[in-house]
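Data block below; observations after.
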Amino acid sequence: MSWLLALPAALFLFVFFVLPLLDNGMRSLVGGDGQLTLTRYSALLTDSFYLRVTAETILLSAGVTAICIVIGYPVAYVLVRKSGRWAGLIIFLLIAPLLTSIIMRTFGWQVLFARRGLVNNLLLDQLGLIEAPLRLTNSPGIAIAALVHVLVPYMVLSIATVLQSVDRRLEESAKILGAGRLRAFREITLPLSLDGIGTGAILVFMIANGSFVTLVLLGGGLQTLPLLIYQQFNTTRDFGMASAMSTLLLVVALSCLFLQLRLVRRRGA
């Protein structure tokens, strides 16, 4: 009878997760005449425009994930090994961006980098380094930086959790046996923390893959599947195509998730 304890959670997931997915899948397969059709999926998988958008979505998510790993691992290492009594402050600074609305965070980037924002005012009026305001917003670089700003805490906390479980005596033993600090890190600490990197990469990739608000406000010409889904719902009102795109986005996310898990496991994590 212990399975009864899981029944409320299973029922909740079925009603609010499984059923909407099934309904979304059916919408994508039903044509205007009420008959089942694969026309929408054929267009998504053969049309060069949709293929380019899908590729751009994957590349954006992968790029944000890679940047978060490069930035997040040193921060996680310092947090676990070097922070001491400052650990609480570092953790607070990490999670502070997550305590505010994503819309407010995005508008904060606009305030900083607008034509008459703080950065341009500093460079133009205070320092006199430029003669005219720079166009910093509505660029892919700012959008990627904003995504990294939001998602890097997930990477740091995922890696830090695993680093805390790594026995430091293993590193000390490697150094006693003649390994330098860099070699001990490369052959002991890094392999043992791959599980944290994999977990953080999955979290960051999945969230970046479905990112919408940040790209709408700061996108700078980036075309991704979430933006196209929004346009299909609000502009063309083609709910069937929007459902097909969302299903494709889900498949892309799950496929990349599978590849990441296989890669991490091959590396020994």
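The values are calculated or read from the model by the stated rules, or taken from the named source; none is laboratory data. It should be emphasised that the depicted structure is a prediction, and the values quoted were computed from it without experimental measurement. A quick note on method: Cβ atoms are made from the backbone with ideal geometry, for glycine too, and the neighbour counts reach across all protein chains shown. Each accessible area value is taken on the protein alone, full model and side chains, heavy atoms only, with ligands, DNA and RNA left out. Shrake-Rupley method; radii C 1.70, N 1.55, O 1.52, S 1.80 Å.
For the chain, a Gaussian network of Cα nodes joined below 10 Å ranks ALA66, ALA87, ALA179 by mean-square fluctuation, and the top entry is ALA179.
Computed from the C-beta positions of GLN35 and ASN121 and an R0 of 51 Å, the FRET efficiency is 0.30 to the nearest 0.05. If R0 equals 22 Å, the separation of the Cβ atoms of LYS82 and LEU257 corresponds to a calculated FRET efficiency of about 0.10. In the elastic network of the chain, a GNM with C-alpha springs shorter than 10 Å, the most mobile of SER173, SER255, SER83 is SER173. Considering only GLN35, SER83, LEU22, and ranking their Cα positions along the charge dipole of region 1-106 that arises from unit charges at the beta-carbon of Lys, Arg, Asp and Glu, the one farthest toward the positive end is SER83. Using a probe of 1.4 angstrom and keeping all protein chains present, the accessible surface of region 18-153 works out to 59 square angstrom per residue. What does the charge count around GLN110 come to, taking other residues whose C-beta lies under 13 Å from its C-beta (Lys +1, Arg +1, Asp -1, Glu -1)? Its environment carries a net charge of +4.
Working ranking of peptides 235-242, 69-76, 7-14 by packing, defined as the average number of other Cβ atoms within 10 Å per residue, highest first, is 69-76, 235-242, 7-14.
In region 57-200, Cα pairs under 8 Å separated by at least six residues give a relative contact order of 29 percent. Between ILE207, ILE91, ILE142, the GNM of the chain built on Cα springs shorter than 10 angstrom shows ILE91 fluctuating the most. Share of carbon and sulfur in the accessible area of the chain stands at 68%, probe radius 1.4 Å. Per residue, the average separation of C-alpha pairs within less than 8 Å and at least 6 apart gives region 46-140 a relative contact order of 14 percent. Distance from the Cα centroid of region 126-157 to that of region 160-231 is 21 Å (rounded to whole angstrom). Screening the chain for whole DSSP H helices of 24 Å or more along their axis (Cα) with average Kyte-Doolittle hydropathy at least -0.5 returns 48-81, 140-164, 239-266.
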